[in-house]
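Have a look at the structure below, then the notes.
Values in this text are rule-based calculations from the coordinates and carry no lab data. Small disclaimer: the values here were computed from a predicted structure and weren't measured. Reconstructed Cβ throughout: ideal geometry from the backbone, glycine too, with neighbour counts over all protein chains shown.
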Amino acid sequence: MQESKAHSEQTIPLQTFKGKSIISISNGQIIGTVNDILIDHKALTIAAIVTSKSTLLSRDIDVIPAAEIQVWGEDVILVSGPIIIRKKEEAPELAESLSVSGQIKRRNVFSLNGIRVGEISDLVIDAEGNLVSYEFEKVTPGMAEVMVDSPEGDRKYLPLEFTHALGKDVLIVDLHKSQAKTVTPEIEE
């Protein structure tokens, strides 16, 4: 069986970036910290990093578009310059983006035949910032065999290519693709 190229490189769960510094690669200035990550649910790509959250008094959300991210580092995220933070409302392309921590985490997952597969705990990226798989928090009994185990065996993963539809309410996956592939993720701790 063929190993997925996306899982042959080191991968990182997105939640590990929460709280990390965002640094301008052009001048070494810390311009913020990661509070959340937005996903383009249609293209299945990272849309932006959220650098501040709304409060009860303010609904302003500051974002850094994914195109500005140069390096998804182990300790920090490096971005192209210091003047790249935008208000989310000034970025109409982000209007339908989904928040990883607020909208995707704990999202139910169903197969094309209507069976609940489990619940998402995180999304996983490769070193270039490409989404490669879903990490599962809860897996419905009987569904674990279509997923990939973490090296420690304590988590389950489903490659992104199994996505049929990631909507605003649920993720629908095509589990028939699991019969054609075997993948082994290398998750960084």
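With the simple spin-label model, which puts each label point 7 Å out from Cα in the Cβ direction, the Arg116 to Asp169 separation comes to 1.5 nm.
Of Lys20/Lys42; Lys42/Lys88; Lys18/Lys177; Lys138/Lys168; Lys87/Lys138, which ones are farther than 23 Å apart at the Cα? Where the Cα-Cα span goes over 23 Å, the pairs concerned are Lys20/Lys42; Lys18/Lys177; Lys87/Lys138. Just grab the label-to-label distance for Ile83 and Gln70, each label 7 Å out from Cα along the Cβ direction, in nm (one decimal). Using points 7 Å along Cα→Cβ, the separation is 1.7 nm.
Close amide H partners of Val132, meaning residues 5 or more places away or on another chain with modelled amide H under 5 Å apart, are Val124, Ile125, Asp126. Taken about its Cα centre, the range 57-110 carries a charge dipole of about 320 debye when Lys and Arg each add +1 at the Cβ and Asp and Glu each add -1 at the Cβ.
Once backbone amide H atoms are built at 1.01 Å from N, Lys138 has Glu119 as its partners under 5 Å, excluding neighbours fewer than 5 places away on the same chain. Near Asp36, the amide H atoms lying under 5 Å from its own belong to Val50; only residues 5 or more places off or on other chains count, and H is placed 1.01 Å from N.
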